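Worksheet: one structure, shown below.
The values are calculated or read from the model by the stated rules, or taken from the named source; none is laboratory data. Predicted model, so just to flag it, every value in this text is computed and none were measured. Note that we place each Cβ from the backbone using ideal geometry, even for glycine, and neighbour counts take in every protein chain shown. With ligands, DNA and RNA removed, areas are computed over all heavy atoms of the protein, side chains included. Shrake-Rupley method; radii C 1.70, N 1.55, O 1.52, S 1.80 Å.
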Amino acid sequence: MYVNLTEWCKEVRKALVDKGTNLQSVSEEIGYSYSVVTALLSGRIVKSNYLDIAKKINEVLEVQVLPEKPLLPSDEWCGAVRSKLFVQKMNMNQLSKAVGFNRDRVSLVLNGHAMDEPVIEKINEVLNVEVPVASTGAK
């Protein structure tokens with residue numbers, strides 16, 4: 001059974017309490033960094049292997065549900081942003097400064113790994129991007 005990320009996160013958090021453990025211990029046991037595990041639980045970052053990581057967490061904590069893949073920026077939007085950067089001869093560092101967010105946070109959004117609304121809104125504003133962020137078709 002699949003559930004949305006927040007429901008899965010709640011189940012994981014309950015299991016942590018029930019088992020008297022923490023995310024640091026779980027991350028060490030499954031072989032992923034603490035930051036990857038916490039980013040997945042919060043829905044900030046979804047790598048292509050998010051389901052494999054979730055299954056490993058579930059195995060350790062005996063959680064039965066899996067997260068659904070959250071909405072991410074569309075390839076069309078990411079491409080439109082890259083085009084605008086090219087036309088304006090702007091690099092990632094310059095974009096990060098212009099939007100007021102750190103380079104890593106901007107990069108995650110631009111590479112389609114995170115749906116970060118404040119970053120997206122500023123990028124759209126600064127670069128005047130008019131392409132929808134969410135894909136109109138199924139991904």
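For K19, the accessible surface of its heavy atoms amounts to roughly 90 Å² (probe 1.4 Å, protein chains only, rounded to the nearest 10). Measuring nothing but how far apart in sequence close Cα pairs (under 8 Å, 6+ apart) lie, relative to its length, the chain scores a relative contact order of 27 percent. Extension gain, S25 to E76, is 14.5 nm, computed as 0.36 nm per intervening residue step minus the present C-alpha separation.
Here's the picture: a label point sits 7 Å out from the Cα of E62 along the beta-carbon direction, and within region 12-36 the residues with their amide nitrogen under 12 Å of it are 15-16, 18-20. Of the Cα atoms belonging to the chain, the radius of gyration and Dmax stand at 17.2, 54 Å. In this structure the amide hydrogen of L72, modeled in the peptide plane, comes within under 5 Å of no amide hydrogen from residues 5 or more places off or on another chain. For D52 and E130, a Förster radius of 30 Å and the Cβ-Cβ distance give a FRET efficiency of 0.25, rounded to the nearest 0.05. Measuring nothing but protein heavy atoms, the accessible surface of the chain at 1.4 Å probe radius is 49 percent carbon and sulfur.
Which sequence of K55, K97 reflects their accessible areas, 1.4 Å probe, from the largest down?
Numbers: K55 100, K97 170 Å².
So, going from the largest accessible area down, we get K97, K55.
What does the accessible area per residue of the chain come to in Å², with a 1.4 Å probe and no ligands, DNA or RNA counted? Mind dumping the intermediate values first?
Details: 8180 Å² over 139 residues.
Ligands and nucleic acids excluded, the result is 59 Å² per residue.
Residue ranking by accessible heavy-atom surface, 1.4 Å probe, largest first, among D75, D116, D52 comes out as D75, D52, D116.
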